[in-house]
Amino acid sequence: VIGVGGGSVMDTAKAIAALLANGGDPLDYLEVVGGGRPLLRPSVPLILAPTTAGTGTEATKNAVLLSEEHRVKVSLRSLGLLPRLALVDPELTHGLPPEVTAWGGLDAPEVTAWGGLDALTQLIEPFVGRRPQPITDALCLEGMRRVAHSLRRAYTDGSDATARMDLSLAALFSGMALANAGLGVVHGFASVIGGMTEAHHGMVCASLLPAGMQANLTALRARSPDHPALARYAELAAVLTAKAEASPEDGIAWVQRLSQDLGVIRLSQMGFRPQDMDVLIERTAAASSTKGNPITLTFDELRGIALAAL
């Protein structure tokens, strides 16, 4: 099986390769809404080549699928979902393949922005989460540095080869980091909202990231003031702002400005309905990504994140 395209294309290829080897229906194996059965047989040989720079799914052991019945995005998970070969060629991201162009008539800058912001979220959450480790720390810091240096450049000039290479590497690093260190509350929200709306995953992450970072900071300072994640928020702020003395709040402000500059819209503009708020909070609290958050957030704190992005 060969998957050439964005994250959805590659996740589809991963799921097909797994089901060809294991048989059955996706719901037999899906977490949360399905049977959760293990994929016991290795996938048939799989090659992935990303044409966007964002999801990093070419380096992860899960395939994210939308369950329209349950209105949520959930995963198949198995080491067998890792491809035999991942071809990460930044030149494939210089222009858009037809599949991406067809997603609502998106243009290149929008896809660049949303993919890059997804990668940024996937670099920040493993870095501050519950399971950091030296190798993923190095990947996250280097990936964040490349996003900070090149995302605006690639957004402005899609043919900037150096910027495109930086983003492709950042996306790859983000996939490797999340596969080994987990994610956090922003991706917990995004998996649920992705099932409730047709919003682009990267756009959802970007809309929630500043509020998610602030909620974590506030909760950590109030309930776990010695938590190592607090120092990590300052460290990532220094990388993003290129200022050694940057505070965690400076990092949040940098992310907020970047999102505004790249045209990130609010959840209400993406089709999320306020009347679904209670369902959103309940499902986000139970999401697998949320379990990697550096601190357990209360339902009121989760609601505050969603309201800030609404």
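Within region 112-157, how many residues are among the aliphatic types (A, V, I, L, M), over 20 Å from I252 (Cβ atoms) and in contact (Cβ under 8 Å) with a residue 24 or more places away in the chain?
Of all residues in region 112-157, those among the aliphatic types (A, V, I, L, M) come to 113, 117, 119-120, 123-124, 128, 135, 138-139, 141, 144, 147-148, 151, 154.
When the remaining residues are screened for being over 20 Å from I252 (Cβ atoms), the result is 135, 138-139, 154.
From what's left, in contact (Cβ under 8 Å) with a residue 24 or more places away in the chain: 135, 139, 154.
The qualifying residues number 3.
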Original post:
Regarding S191, is this residue crowded, with 24+ Cβ neighbours inside 10 Å, modelled with pLDDT under 95, within 11 Å of the chain's Cα centre (by Cα) and not hydrophobic (A, V, I, L, M, F, W, C)?
Top reply: yes
Original post:
Of the residues in region 111-135, how many are under 14 Å from F173 (Cβ atoms) and among the small types (G, A, S)?
Top reply: 3
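Run down L66, L27, L40 and say which single residue is of a type outside the set (G, A, S), open to solvent by 40 Å² or more (accessible area, probe 1.4 Å) and in a loop (DSSP other than H, G, I, E, B). Even if it seems obvious, please write down each step before you answer.
Values: L66 fails: in a loop (DSSP other than H, G, I, E, B); L27 fails: in a loop (DSSP other than H, G, I, E, B).
Result: L40 is the single residue among L66, L27, L40 that is of a type outside the set (G, A, S), open to solvent by 40 Å² or more (accessible area, probe 1.4 Å) and in a loop (DSSP other than H, G, I, E, B).
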Original post:
Do we find a residue being within 16 Å of the chain's Cα centre (by Cα) and open to solvent by 10 Å² or more (accessible area, probe 1.4 Å) anywhere in region 267-279?
Top reply: no
Original post:
Residues in region 46-60: is at least one surrounded by fewer than 20 Cβ atoms within 10 Å (Cβ to Cβ) and modelled with pLDDT of 95 or more?
Top reply: yes
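The values are calculated or read from the model by the stated rules, or taken from the named source; none is laboratory data. Since we're looking at a predicted model, the values are computed, not measured. Backbone-built Cβ (ideal geometry, glycine too); neighbour counts: all protein chains shown. These area figures cover heavy atoms from the full protein model, side chains too; ligands, DNA and RNA do not enter into them. Shrake-Rupley method; radii C 1.70, N 1.55, O 1.52, S 1.80 Å.
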